[in-house]
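What follows draws every value from the coordinates through simple rules; no lab data is involved. Here the structure is a predicted model, which means the values were calculated and not measured. Cβ atoms come from the backbone with ideal geometry, glycine included; neighbour counts cover every protein chain shown.
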Amino acid sequence: MKSKADRFYFENFVEAADFSCKAANYLVECLTDYDSSKIGEMLAKIHEYEHQGDRKKHAMSEALAKAFVTPIEREDLILISQNIDEVTDSIEEIMQKFYVDGIKTVTPEAVEFAKKLVKACELMKEMLGEFMNFKKPAKLHEMIVGLNHYEEECDRMYLEATVKIPQHFTDVLDIVSWREIYVKMEDCADACEHVGDCVGMVVMKNT
């Protein structure tokens with residue numbers, strides 16, 4: 001059983017990842033019943049999830065500043081915390097793009113892409129819940145591989161969605177906007193994979 005002090009770090013990761021999941025699920029909700037007149041409200045709610053995630057990152061930094069001994073290297077704890085924060089940040093950036101470019105309609109591919117991001121975030125959170133058991137990493141390895149597979153699925157979704165943009169839009173500005181939206185969605189999938197890569201690196205260093 002980990003000490004209470006050690007559990008804090010692992011629990012903080014899961015709590016931070018939970019805000020990524022909430023933001024991703026809300027993104028799906030927004031895109032499924034998209035109403036451009038409410039984009040300001042949507043962005044505000046997404047920002048609140050991002051702000052809560054930031055608070056978890058700051059709590060991690062504060063704890064590390066006071067800690068004498070940590071369960072794994074401080075640099076690794078900071079890196080993982082920052083990478084989880086990048087996931088939530090990337091979801092907010094997707095919604096910011098809708099706001100800045102005044103997107104009026106949503107493609108079905110965007111909704112499906114967002115659903116894949118939810119799956120990636122949920123698996124990331126599940127993996128972080130298992131992270132405490134990094135000394136017995138068999139299950140953790142499976143989750144990291146699963147996260148890599150989700151990122152590959154998102155790569156394919158990115159290509160398919162981008163190819164179909166001209167089927168939905170003819171205006172050059174719309175085409176450019178949607179290409180950038182899909183890039184930001186792919187960035188989110190990459191950010192989830194980066195969390196898994198960081199966890200995998202810690203496992204290799206400590207087993």
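Between Ser61, Val87, Val111, the Cα set farthest toward the positive side of the dipole of region 4-206 (charges on each charged residue's Cβ, about the Cα centre) is that of Ser61. When Lys45, Lys184 are arranged by Cβ crowding within 10 Å, least crowded first, meaning fewest neighbours, the order is Lys45, Lys184. Normalised by residue count, region 129-207 yields a Cα convex hull volume of 78 Å³ per residue. With the Kirkwood sum run over all distinct C-alpha pairs, the chain has a hydrodynamic radius of 17.6 Å. Expressed as a whole number of Å, what is the distance separating the alpha-carbon centroids of region 146-207 and region 40-92? Region 40-92 and region 146-207 have Cα centres separated by 21 Å. With Cα atoms as the point set, region 1-77 shows a radius of gyration and Dmax of 16.4, 51 Å. With a threshold of 28 Å on the Cα-Cα distance, the over-threshold entries among Lys22/Lys57; Lys56/Lys164; Lys4/Lys115 are Lys56/Lys164; Lys4/Lys115.
Going down the table (Lys45/Lys104; Lys66/Lys116; Lys45/Lys119), which pairs top 29 Å between alpha carbons? Among Lys45/Lys104; Lys66/Lys116; Lys45/Lys119, the Cα-Cα distance tops 29 Å for Lys66/Lys116.
Taking only the Cα atoms of region 60-110, the ratio Rg/Rh comes out at 1.29, with Rh defined as the Kirkwood radius. Between Gln82 and Leu173, the simple label model (points 7 Å from Cα in the Cβ direction) yields a spacing of 3.7 nm.
Normalising by the residue count of the chain, find the relative contact order in percent from Cα pairs under 8 Å and 6+ residues apart. Display every interim value, and only then the final one.
Values: 232 pairs, mean separation 62.1, N = 207.
It rounds to 30 percent for the chain.
If packing is taken as the average number of other Cβ atoms within 10 Å across a peptide's residues, how do 109-117, 87-95 rank, most packed first?
On the way: 109-117: 21.7, 87-95: 24.8.
The packing order, highest mean first, is 87-95, 109-117.
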